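Just below is one structure, and these are the notes that go with it.
The values are calculated or read from the model by the stated rules, or taken from the named source; none is laboratory data. Keep in mind that this is a model prediction, so the values were computed, not measured. Positions of Cβ are generated from backbone atoms using ideal geometry, with glycine treated the same way; all protein chains shown enter the neighbour counts. We work out accessible area using only protein heavy atoms, side chains counted, and drop any ligands, DNA or RNA first. Shrake-Rupley method; radii C 1.70, N 1.55, O 1.52, S 1.80 Å.
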Amino acid sequence: MPVNVFDSLAYGRGLDAPVAPAFYPGPVPVRDDGVARRSILDWSPAADPDLPLLRSTVPLAARRPLDPARRPGPRVMSLAGFGRTGARSLQGGPTDVHYSFTHWDLLDLLVVWGGSSAEGLIVVPEAPVVDAGHRAGVPVLGTVFLPQREHGGVPEWTDELLARDDDGTFLLTGRLAEAAEVLGFDGWFVNAETQLEPDNGTSERARGTAAEMLAFVRDLGPRVDHLVWYDSMTREGRIWWQDGVTEENREFVARPGGAGPSEVFLNFNWAKRPGHVDATLARAAALGRAATDLFFGVDTESHGSASAVRWDALVEGGSPRGSIGLYRPEGSIRQLEDWSLEAFQETEARYWEPAPAGARWPGIGALVPRRSAHPLPVATTFTTGAGREYHVDGEPSGLGPWHHLGVQDPLPPERWAGRGHGLAPALDFDRAWQGGEALRLAPATEPGSVLVWRGPAGDLPDHWPAEVVAEGRAVYVLEVEDDGGTQRVALADAGPASGTGSWRRWSAVVPRAPRGSVTVRLEVTGPEPVLVGGLVLGEMPGTPPAAPTGLVAVRRPDGLLLTWDRDPQVHHWEVLVAGRPVGLASGGAFRLPAGTERAQVALRAVSARWERSSQTSPRS
């Protein structure tokens, strides 16, 4: 179908699912358009009946550099939209048209971008996105958006955001901090762009509002783990993007005593004149700010990896002198003539992976160090969090097209780097062992290998197990390279992976414990194409998880809300109706459509190895 993913089903049209809220800072606008609007003043996250759906309970994982010898260097922030402001599903959805981001090893902060004058200005991130980010060790932030007048913004919204009570306390800093704490995300991105005066000039009122905005930011900053300020408002109260640090915005960049923004997102024209980046870095240093706290904005909303960027003004010796702020990286989808999961993977690779020498867009992976939150042991089925079908033990489940970022598996960096004979590695979205896809390799009459994992060694002993689930006649060899050298082990046929089908398990024992950073390649030689559906490195429980407990079904006007006890050892849950999967969950709740028969509902847990528990029915 023709692509405009920003207006597609995944961006809100036709989804019958609960959505993440977006709020106004004060009274809601009254409009006769059928849109339900909410004020944050009337909202208590802990008392919200949708709290089980709204809350992420996945803790933020620790990360380690994949190349410890490379200096920590710059960071990367992504301002990405995962759906229209008023239509961001809390439980995935029945389409594969979605921004299923997977390059977490190249990202340090994710801002769930959104906000509109028509739907809400304070955007709470959806729980599946927070779950996926936290598993990868990436903090996830919501957005506070005050739009320009030409986009429907009004100064009254700025006043309402900055309102104080009779004691002089800001009404909303505590409310915003409470939302982040209760719902399990990591902070806020503040984007104040509403012109305070009609001509965007300064005035006594505008200067007073700017002073209040500065006080607001310094009050909110210490209350959350991350507070990002966007380079928009000046000390005079004008909306005047400085594209750097200047006398006009230095107070908003400073962080005296830890009060103020933890990071600053600079507007996009930082290469507008020679020496501007140098001056910005010098002024930031004089304020006590590290260069890595400054995120130099790169606008890719319209053109993705075809965007023109003056990298030469920022990059020196192959490394940026400050951090990189990516605005709307999902804009790479606009480069597609037609949507397909395969085409999406290709355009994402062009955006994130290193490009050939001399390319105008270098690829983010060429500029910054990679970090991983997945030390060994690890298991993956290469599931990206979207598919044309959801597979169970090699068979289609009947769920059909789907997306759910919280169901995503860890994926290797530098995909899919090969050696030797060309295996033409790519994800296959038509066949899978589990989830939505498998790694497809071309026939290889001579040995060829593909990188299937890279990450920290973890704490494995000598003689650790490795397993591959694959379909196809071939000779399989694992090559494990780490700080102690390279080990090659042949994988032996360990029998069928399930009672039916042609998927088989191939296993080996790796003699020496891994050290440092580990790179694992799968070498394949055989006369026919191969599908790799699973990889387990190290000892992980191979038994099914315990059946879910505490399952309750509550009938509501908007559907049947299921809640259950969340088990941190479970990868995700499958929601069944009449024995067939109809939905997926990474938290402890799911809402089924109104009219669903309670007696037909069941739930089962899925482990990191995609072993399944027995089914549980709702309590009477």
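In the set 92, 26, which member is under 19 Å from the mean Cα position of the chain (by Cα) and open to solvent by less than 60 Å² (accessible area, probe 1.4 Å)?
Numbers: 26 fails: under 19 Å from the mean Cα position of the chain (by Cα).
Step by step, each of 92, 26 is checked, and only 92 is under 19 Å from the mean Cα position of the chain (by Cα) and open to solvent by less than 60 Å² (accessible area, probe 1.4 Å).
Taking the range 72-95 only, how many residues are closer than 28 Å to residue 560 by Cβ and in a loop (DSSP other than H, G, I, E, B)? Before the answer, list the steps.
Kept after step one, since they are closer than 28 Å to residue 560 by Cβ, are these residues of the range 72-95: 82-95.
Imposing the further condition that a residue be in a loop (DSSP other than H, G, I, E, B) reduces the set to 82-88, 90-92, 94-95.
Residues flagged as closer than 28 Å to residue 560 by Cβ and in a loop (DSSP other than H, G, I, E, B) within the range 72-95 amount to 12.
Do you know which of the residues in the range 430-463 that are among the hydrophobic types (A, V, I, L, M, F, W, C) and touching a His at 6+ places or on another chain (Cβ under 6 Å) is nearest to residue 529 (Cα to Cα)?
Checked the range 430-463; the qualifying residue nearest to residue 529 (Cα to Cα) is 444.
Within the range 127-143, restricting attention to residues that are assigned to a loop (DSSP other than H, G, I, E, B) and not hydrophobic (A, V, I, L, M, F, W, C), which residue is farthest from residue 56 (Cα to Cα)? First the steps, then the outcome.
To start, the set of residues in the range 127-143 that are assigned to a loop (DSSP other than H, G, I, E, B) comprises 136-139.
The next check asks that each one be not hydrophobic (A, V, I, L, M, F, W, C); those that pass are 137, 139.
Numbers: 137: 14, 139: 12 Å.
Filtering the range 127-143 for residues that are assigned to a loop (DSSP other than H, G, I, E, B) and not hydrophobic (A, V, I, L, M, F, W, C), the one farthest from residue 56 (Cα to Cα) comes out as 137.
Pick out, from the range 144-224, the helices (runs of 4 or more DSSP H) lying fully within it that include 2 or more residues that are open to solvent by less than 40 Å² (accessible area, probe 1.4 Å) and farther than 24 Å from residue 118 by Cβ. If you could, list the steps in order and put the result at the bottom.
Numbers: elements: 155-161, 173-183, 204-220.
It comes to 173-183, 204-220.
Could you tell me which numbered condition residue 264 fails, if it satisfies all but one of (1) over 31 Å from the mean Cα position of the chain (by Cα); (2) β-branched (Val, Ile, Thr); (3) assigned to a strand (DSSP E or B)?
Every condition holds for residue 264 apart from (1).
Which one of 356, 377 is more than 27 Å from residue 311 (Cα to Cα) and open to solvent by 30 Å² or more (accessible area, probe 1.4 Å)? Show your work before the answer.
Values: 356 fails: more than 27 Å from residue 311 (Cα to Cα).
Checking each option against the conditions leaves just 377.
Among the residues of the range 72-89, how many are open to solvent by less than 60 Å² (accessible area, probe 1.4 Å) and over 26 Å from residue 591 (Cα atoms)? Break it down into steps so the answer makes sense when it comes.
Of all residues in the range 72-89, those open to solvent by less than 60 Å² (accessible area, probe 1.4 Å) come to 73-83, 85-89.
Remaining after also requiring over 26 Å from residue 591 (Cα atoms): 73-79.
Count: 7.
Only one of (1) over 23 Å from residue 135 (Cα atoms); (2) modelled with pLDDT of 95 or more fails for residue 318. Which number is that?
(2)
Go through the range 308-327 and count every residue that is out of contact with any strand residue (DSSP E or B) (no Cβ under 6 Å at 6 or more places or on another chain) and either in a helix (DSSP H, G or I) or crowded, with 20+ Cβ neighbours inside 10 Å (or both).
Narrowing the range 308-327 to residues out of contact with any strand residue (DSSP E or B) (no Cβ under 6 Å at 6 or more places or on another chain): 308, 310-313, 315-321.
Add one more test, that the residue is either in a helix (DSSP H, G or I) or crowded, with 20+ Cβ neighbours inside 10 Å (or both), and what stays is 311-313, 320.
Of the residues in that region, 4 qualify.
Would you check if residue 125 is at pLDDT 95 or above, of a type outside the set (Gly, Ala, Ser) and either buried (at least 24 other Cβ atoms within 10 Å of the Cβ) or touching a Lys or Arg at 6+ places or on another chain (Cβ under 7 Å) (or both)? Explain how you work it out, then say what you get.
Working: at pLDDT 95 or above: yes; of a type outside the set (Gly, Ala, Ser): yes; either buried (at least 24 other Cβ atoms within 10 Å of the Cβ) or touching a Lys or Arg at 6+ places or on another chain (Cβ under 7 Å) (or both): yes.
It is true that residue 125 is at pLDDT 95 or above, of a type outside the set (Gly, Ala, Ser) and either buried (at least 24 other Cβ atoms within 10 Å of the Cβ) or touching a Lys or Arg at 6+ places or on another chain (Cβ under 7 Å) (or both).
Inspect all residues belonging to the range 488-509 and state whether any of them is buried (at least 18 other Cβ atoms within 10 Å of the Cβ), in contact with a Lys or Arg (Cβ under 8 Å, 6 or more places away or on another chain), within 22 Å of residue 442 (Cβ to Cβ) and of a type in the set (D, E, K, R).
No, every residue in the range 488-509 fails to be buried (at least 18 other Cβ atoms within 10 Å of the Cβ), in contact with a Lys or Arg (Cβ under 8 Å, 6 or more places away or on another chain), within 22 Å of residue 442 (Cβ to Cβ) and of a type in the set (D, E, K, R).
Residue 53: modelled with pLDDT of 95 or more and assigned to a helix (DSSP H, G or I), yes or no?
Working: modelled with pLDDT of 95 or more: yes; assigned to a helix (DSSP H, G or I): yes.
Against the criterion (modelled with pLDDT of 95 or more and assigned to a helix (DSSP H, G or I)), residue 53 qualifies.
Return yes when residue 232 is farther than 27 Å from residue 163 by Cα, in contact (Cβ under 8 Å) with a residue 12 or more places away in the chain and not basic (Lys, Arg) and no when it is not.
Spelling it out, it is not the case that residue 232 is farther than 27 Å from residue 163 by Cα, in contact (Cβ under 8 Å) with a residue 12 or more places away in the chain and not basic (Lys, Arg).
Tell me, which residue of the range 293-307 that is part of a loop (DSSP other than H, G, I, E, B) and of a type in the set (Ser, Thr, Tyr) is nearest to residue 370 (Cα to Cα)?
Taking the range 293-307 as the starting set, the residues that turn out to be part of a loop (DSSP other than H, G, I, E, B) are 300-303, 307.
Keeping just the survivors that are of a type in the set (Ser, Thr, Tyr) gives 300, 302, 307.
Working: 300: 21, 302: 26, 307: 23 Å.
Across the range 293-307, the extreme among qualifying residues is 300.
Output the number of the condition that residue 44 fails; it satisfies all remaining conditions of (1) of a type in the set (Gly, Ala, Ser); (2) open to solvent by 10 Å² or more (accessible area, probe 1.4 Å); (3) within 11 Å of the chain's Cα centre (by Cα).
Residue 44 satisfies all of (1) of a type in the set (Gly, Ala, Ser); (2) open to solvent by 10 Å² or more (accessible area, probe 1.4 Å); (3) within 11 Å of the chain's Cα centre (by Cα) except (3).
Please verify whether residue 342 is surrounded by fewer than 17 Cβ atoms within 10 Å (Cβ to Cβ), free of Cβ contacts under 8 Å to residues at least 24 places away in the same chain and under 29 Å from residue 114 (Cβ atoms), treating the condition exactly as stated. Steps first, answer last, please.
Values: surrounded by fewer than 17 Cβ atoms within 10 Å (Cβ to Cβ): yes; free of Cβ contacts under 8 Å to residues at least 24 places away in the same chain: no; under 29 Å from residue 114 (Cβ atoms): yes.
Spelling it out, it is not the case that residue 342 is surrounded by fewer than 17 Cβ atoms within 10 Å (Cβ to Cβ), free of Cβ contacts under 8 Å to residues at least 24 places away in the same chain and under 29 Å from residue 114 (Cβ atoms).
Applying the selection to the range 109-122, what residues are farther than 21 Å from residue 404 by Cα and open to solvent by 10 Å² or more (accessible area, probe 1.4 Å)? Reasoning before the result, please.
In the first step, residues of the range 109-122 are kept if they are farther than 21 Å from residue 404 by Cα; the result is 115-122.
If the condition is that a residue be farther than 21 Å from residue 404 by Cα and open to solvent by 10 Å² or more (accessible area, probe 1.4 Å), then 115, 116, 117, 118, 119 are the ones that fit.
Would you call residue 269 polar (S, T, N, Q) and touching a Gly at 6+ places or on another chain (Cβ under 9 Å)? Before the answer, list the steps.
Numbers: polar (S, T, N, Q): yes; touching a Gly at 6+ places or on another chain (Cβ under 9 Å): yes.
In short, yes.
When you scan the range 96-124, how many residues do you find that are under 16 Å from residue 38 (Cα atoms) and either in contact with a strand residue (DSSP E or B) (Cβ under 7 Å, 6 or more places away or on another chain) or assigned to a strand (DSSP E or B) (or both)?
Going residue by residue through the range 96-124, those that are under 16 Å from residue 38 (Cα atoms) are 114-124.
If we keep only those that are either in contact with a strand residue (DSSP E or B) (Cβ under 7 Å, 6 or more places away or on another chain) or assigned to a strand (DSSP E or B) (or both) too, we end up with 114-116, 119-124.
Residues flagged as under 16 Å from residue 38 (Cα atoms) and either in contact with a strand residue (DSSP E or B) (Cβ under 7 Å, 6 or more places away or on another chain) or assigned to a strand (DSSP E or B) (or both) within the range 96-124 amount to 9.
Between 62, 36, 69, which is assigned to a loop (DSSP other than H, G, I, E, B), surrounded by fewer than 18 Cβ atoms within 10 Å (Cβ to Cβ) and under 19 Å from the mean Cα position of the chain (by Cα)? Spell out the reasoning first.
On the way: 36 fails: under 19 Å from the mean Cα position of the chain (by Cα); 69 fails: under 19 Å from the mean Cα position of the chain (by Cα).
Within the list 62, 36, 69, the selection yields 62.
Looking only at the range 267-292, which residues are open to solvent by less than 40 Å² (accessible area, probe 1.4 Å), of a type in the set (A, V, I, L, M, F, W, C) and part of a helix (DSSP H, G or I)?
277, 279, 281, 284, 291 - these are the residues of the range 267-292 that are open to solvent by less than 40 Å² (accessible area, probe 1.4 Å), of a type in the set (A, V, I, L, M, F, W, C) and part of a helix (DSSP H, G or I).
Could you say whether any residue in the range 262-276 is among the basic types (Lys, Arg) and modelled with pLDDT of 95 or more?
Step one: filter the range 262-276 for residues among the basic types (Lys, Arg), giving 272-273.
From what's left, modelled with pLDDT of 95 or more: none.
No: the range 262-276 contains no residue that is among the basic types (Lys, Arg) and modelled with pLDDT of 95 or more.
Say we look at the range 380-426 and pick out the residues that are in a loop (DSSP other than H, G, I, E, B) and among the aliphatic types (A, V, I, L, M); which of these is surrounded by the most Cβ atoms within 10 Å (Cβ to Cβ)?
As a first pass, look at the range 380-426 and keep what is in a loop (DSSP other than H, G, I, E, B): 381-385, 388-390, 393-394, 397-401, 404, 408-417, 421-425.
Next cut, among the aliphatic types (A, V, I, L, M) only: 399, 411, 417, 423-424.
Details: 399: 20, 411: 23, 417: 16, 423: 25, 424: 15.
Step by step, filter the range 380-426, then rank; the result is 423.
Restricting to the range 427-448, name every residue that is open to solvent by 30 Å² or more (accessible area, probe 1.4 Å) and either over 12 Å from residue 416 (Cβ atoms) or within 24 Å of the chain's Cα centre (by Cα) (or both).
Scanning the range 427-448 gives 430, 431, 443, 445, 446, 447.
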